[in-house]
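The values are calculated or read from the model by the stated rules, or taken from the named source; none is laboratory data. All values derive from a computational prediction rather than experimental measurement. Neighbour counts run over all protein chains shown; Cβ positions are idealised from the backbone, glycine included. Quick note on the areas: whole protein, heavy atoms, side chains included, nothing else; ligands and nucleic acids left out. Shrake-Rupley method; radii C 1.70, N 1.55, O 1.52, S 1.80 Å.
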Amino acid sequence: MFARYWHKLPSLVRFTARRLLAGVLLCVGVTLISFILTQVVPGDPITAALGDRAAGDPAIVAAFRSHYGLDKPLPEQYVIYLAHVMQGDLGQSQQSRRPVTTDLAQYLSATIELAIVAMLAAMLVGVSLGIVAAVYREKWPDQVVRVISLAGVSVPTFWLGLICLYIFFFKLGISPGVGRLSPGVATPPSVTGLITIDAVLSGQWTVLWDALSHLALPAMVLAIYTVGSVTRFTRAAMLDSLSQDYVRAARAKGLLPRTVLLRHALRPALAAIITVLGMAFGRMLGGAVLVESVFSWPGIGEYAYRSALSLDLPGIMGVSLVIAVIYILVNLVIDILYAVIDPRVRLA
Amino acid sequence: MKRRQVGRSSTALVAAAVAIMAASGAAQAETLVVDTAFQLKTADPAREFEPTANVFMHAIYQNLVTFSGGDLTKLVPSLASLPQVSADSETFTFELDPAAKFSDGSPVTVDDVIFSLNRVANVKGSPSFLMDGITVSAGSKPGEVVLTAATPDPGLPFKLTNPALAILNSKALKAHGGLDDATASTADKADAYLATASLGSGPYILEKFDIASEVDLKRNPAYWGPPAAYDSIVIRNVDNSAQQMNVMRGTSQIALDLRPDQASSLGKDFNVEEAAGSDIAFLLFNFDPAISSVTTNKDFREAVTDAIDYEGVLNIVGDGAQRSGGLVPSMFGGALPGSDGAKQDVAAAKAALARSGIKDPAVNLAYASDLTKDGVSFSDIAAKLQEDLQAIGIKVTLQPSPVSSHLDGYRAGKLEMAVEWWGPDFPDPSDYLLFGPGQLVGLRAGWKAGAAPDITDLGAKAAVESDPAKRNDLYAAWQKAVNAEGPFIPLFQPATTVVLAKTLEPLPFNAMWTVDLGAAKPAAK
């Protein structure tokens, strides 16, 4: 019965359902692995969470263990955690004493805002440079782009962040410096958690400009690494595409070079570009910690770092789970986009 | 054509970024901006024990008594008068200032004091130990509060200055889930509310609390003292390299975490308050024979004490750091001058090592490899000690580990030799009696009760002595005895640097709350 209805569904729906189910299993696996890893690393959360005197007081230690369920056997702790996760409860953070979901909503939105802007910049610049490098293969523009992309992936992000801050904020004074907003500027009422969007929704244009001005420099730094990899992938994909017969045929038909390039060569290359962009977005969300540290950006990377330092088990597991979910969703979207871009791809 | 398009888009992108950055909003003139690298977990006084919490809580909450400026040896009244102390130093009677009121306008009452202090004790948080053995009750007269210690405790009034022992508005606290009875450890829910609003009586009130980015304060319009000088104070979580740029660009006015070398490069537009910090770094030997047969040897300990190049260690720590003659930091009563500390004598060290009878002496030296205190890396200190000890023939194997796992071994008393540190829980030398035999830190060094009866007796006398001069003498004698016989060698107090723009009146460094933000005011023009 189910099989009959299942096979009547469009292939895209079946594909998405299968991937989502696999994603749920993957998430359970991620929780198990991160739970085991947090248990085997040396160090006791009590040591990290309590002061010297408090850690020596059995009553305080017992209260702490009881409050966070650390007094129960490990398998029971995991099962309880999983049961709570099913209800959307990721536990209470030991470092902030707030629900992990509240923390994640706050810090993840800051990182998403940063990553989206960085991603758009990386996509625009990286794809443009990749096309230029492919069109002018082995000529001087290609060599220049190669140097740029190599520098992009080679320069340490932390160092680049400090240098950019020094030049654009300290020396030139055209960047407002660190943080998401200037001191004294009130955050707009939170709807999405993205200050720029919330400022637009509430019509606070001064806040919007202030938020954008703070966003520009860290997003640029975060984008630079991705620009390098996007450029290289785009160049390779475009070179492959430009050597195909259908591109030669398009040229032979006398089509404008721009039409040949953007319609006939770029479209088939997009699949590879989207793959690298998708992976880069996931990497930005999970790996923005250095940029966030330099620019005092209260994002998920900073939160993950603080959770790890303080052995905040619910915090560590919450971050792991959310990053896993994002990766899974990004992969799913990429696969669906493949089919949209190239109808020859079947979502079997 | 293609080149022009790509060039146009890239140029437009860069231009847009520059234009957007240039359109930044400037800090408002009436806002004081403070940059510090956050060490922060909660906005609940009963649960806080982190340096950043002390910085802002001192501006929004008040205690029964406090300190003025940077002097931690002399108490001054705050919400209450200085206490009347019983002859046995067990009973302390405070009289509340009738003018004191909370930010909602309600008066500070005896009930508020009892509730706030009992809540600290029962919530079982990091500062709960401050209330160990202390009962709080109403006095015989209106507005009188009596604190009774289970044993004589002349240092008790000094403990009461800790921001964790602030007095909160009990009615409002109860209304938001606050409890002060034995159920508080599991049932008290007020910490979430205290992250959104403050229930104190200080010159500022809490506007925003975000442990990752910033804490905002605004002027308390109902403050019962002289009005606060700033409309608002923004305390931002900023890495120390960015702190330097911010304060030089004028986007912040106070930087709390600059190293002395960074501060010295700032120029004449800044007031730099440089002082020895209240943390003490020390070398620990384990006296437990089950842990080590080497560090238990008295002559070995003497050899190590004589072998260390203390001046060289100070050079590594940097300008502004100083040596303490004993375990009690220099700003507290009873501290020993640095000249009373051990001195390097390589010949004596070699002779002591020969006397020890240990063949091919070798030890493991543990330290927290990811810990930096006021710009001092413990890895550098450990490497310096290794070099000094190897110069007299002691093989030292360095054992670095992350701070959380290092603390596990230290607190369990499993480390043979280690570089450790201690920050004061309260500004009184009695805090350091924990280093005695059979006490919390002493046991971490395998120094068991009864191991040194003379030192135990000295400590017991110092703990109950109420005459300040005699008390200081007893603590000095206790430290000298620990220096001579104990398992600890004090190494240094790192420098603490507070940088203030000259647009502010100078603020002294205070080891309890770093700077008194409530007292900050613009410089006279």
Query raised in the report: Tell me, what is the per residue accessible area of the stretch A:203-279 in Å², probe radius 1.4 Å?
Result: 47 Å²
Report summary line: Taking the dipole of the protein assembly as shown about the Cα centre (Lys, Arg +1; Asp, Glu -1; charges at Cβ), the one of B:N510, B:G178, A:W205 that reaches farthest to the positive side is A:W205
Report summary line: Any residue on another chain or 5+ positions along whose placed amide H is under 5 Å from the amide H of B:E207 is listed here as B:D216, B:L217, B:K218
Requested in this report: Could you work out the mean count of beta carbons from other protein chains within 10 Å of each residue's beta carbon in B:37-43?
Outcome: 3
Query - Top positive-direction residue, dipole computed over the protein assembly as shown with Cβ charges, set A:G318, B:A476, A:T196 - result: A:T196
Query raised in the report: HN-Hα J couplings of the stretch B:229-235 from phi, Karplus 6.51/-1.76/1.60, θ = phi - 60°, integer Hz, Gly and Pro as x?
Result: 7, 10, 5, 8, 10, 10, 9
**Report entry** Average beta-carbon neighbours from other chains, 10 Å sphere, peptide A:290-298
**Finding:** 4
Query - Under 30 Å from the Cα of A:K171 - lysines, other chains or at least 8 residues apart - result: B:K268, B:K373, B:K502, B:K521, B:K525
Query raised in the report: Which whole-angstrom value gives the distance between the alpha carbon centres of the stretch B:236-256 and the stretch B:185-206?
Result: 28 Å
Report task. Return the FRET efficiency for the residue pair A:Y305, A:L26: r is the Cβ-Cβ distance, R0 is 22 Å, and the value is rounded to the nearest 0.05. Result -> 0.35
Report task. Mind checking which aspartates and glutamates have their Cα closer than 16 Å to the Cα of B:K350? Skip sequence neighbours fewer than 8 apart in that chain. Result -> B:D299, B:E302, B:D306, B:D309, B:D360, B:E387, B:D388
Query raised in the report: How big is the protein assembly as shown by Rg and Dmax over its Cα atoms, in Å?
Result: 30.9, 108
Query raised in the report: Carbon-plus-sulfur fraction of the accessible area of the stretch B:129-234, 1.4 Å probe, in percent?
Result: 57 percent
Query raised in the report: Along the charge dipole of the stretch B:280-493, Cβ charges K/R +1 and D/E -1, which of B:P490, B:I316, B:T305 sits furthest on the positive end?
Result: B:T305
Report task. Please work out the Cα center distance from the stretch A:49-66 to the stretch A:1-26, rounded to the nearest Å. Result -> 49 Å
Query raised in the report: For chain B, what Kirkwood radius comes out of the mean inverse Cα-Cα distance, in Å?
Result: 25.0 Å
Query - Estimated buried accessible area (total), pair A and B, 1.4 Å, Å² to nearest 100 - result: 5300 Å²
Query raised in the report: How large is ³J(HN,Hα) for each residue in the stretch B:505-516, as worked out from phi by the Karplus curve 6.51 cos²θ - 1.76 cosθ + 1.60 (θ = phi - 60°), to whole Hz, x for Gly and Pro?
Result: 5, x, 10, x, 6, 10, 5, 7, 10, 6, 9, 8
Query - Interatomic Cα distance distribution for the stretch B:259-356, bins of 5 angstrom, percent - result: 2, 12, 16, 17, 16, 14, 10, 5, 3, 3, 1, 0
Report summary line: Measure of exposure for B:K521: accessible area at 1.4 Å probe, Å² rounded to 10, is 110 Å²
Requested in this report: Hey, can you grab everything whose amide H is under 5 Å from the amide H of B:T496? Only 5+ residues off in sequence or another chain; H modelled, so Pro and N-termini drop out.
Outcome: B:A275, B:A276, B:G277
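Tell me, what does the Kirkwood hydrodynamic radius of the stretch B:280-493 come to in angstroms if you use every pair of distinct C-alpha atoms?
It is 17.2 Å.
Ordering B:R411, A:R263 from largest to smallest accessible area (1.4 angstrom probe), what's the sequence?
Values: B:R411 55, A:R263 175 Å².
Per-residue accessible area, sorted high to low, gives A:R263, B:R411.
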Query raised in the report: Using unit Cβ charges (K, R positive; D, E negative) and no other charged atoms, how large, in debye to the nearest 20, is the dipole of chain A about its Cα centre?
Result: 1700 debye
Query raised in the report: Under DSSP H, which helices of chain A have Cα atoms covering 30 Å or more of the helix axis and a Kyte-Doolittle average no less than -1.0?
Result: A:11-40, A:100-135, A:205-242, A:313-341
Query raised in the report: List the aspartates and glutamates whose alpha-carbon lies under 17 Å from that of B:K101, not counting same-chain residues fewer than 8 positions away?
Result: B:D111, B:D112, B:E144
Query raised in the report: Amide H to amide H under 5 Å from B:K373: which residues, 5+ apart in sequence or cross-chain, H placed 1.01 Å off N in plane?
Result: B:F378
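State to the nearest 20 debye the size of the charge dipole of chain B about its Cα centre, where the only charges are +1 on K and R beta carbons and -1 on D and E beta carbons.
1540 debye
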Report task. Give the accessible area for B:S81 in Å² (nearest 10); use a 1.4 Å probe, count only protein heavy atoms, and leave out ligands, DNA and RNA. Result -> 40 Å²
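Tell me, what % of the accessible area of the stretch A:30-180 is carbon and sulfur with a 1.4 angstrom probe?
The value for the stretch A:30-180 is 70 percent carbon and sulfur by accessible area.
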**Report entry** Probe 1.4 Å, protein heavy atoms only - accessible area per residue of the stretch B:280-493 in square angstrom
**Finding:** 37 Å²
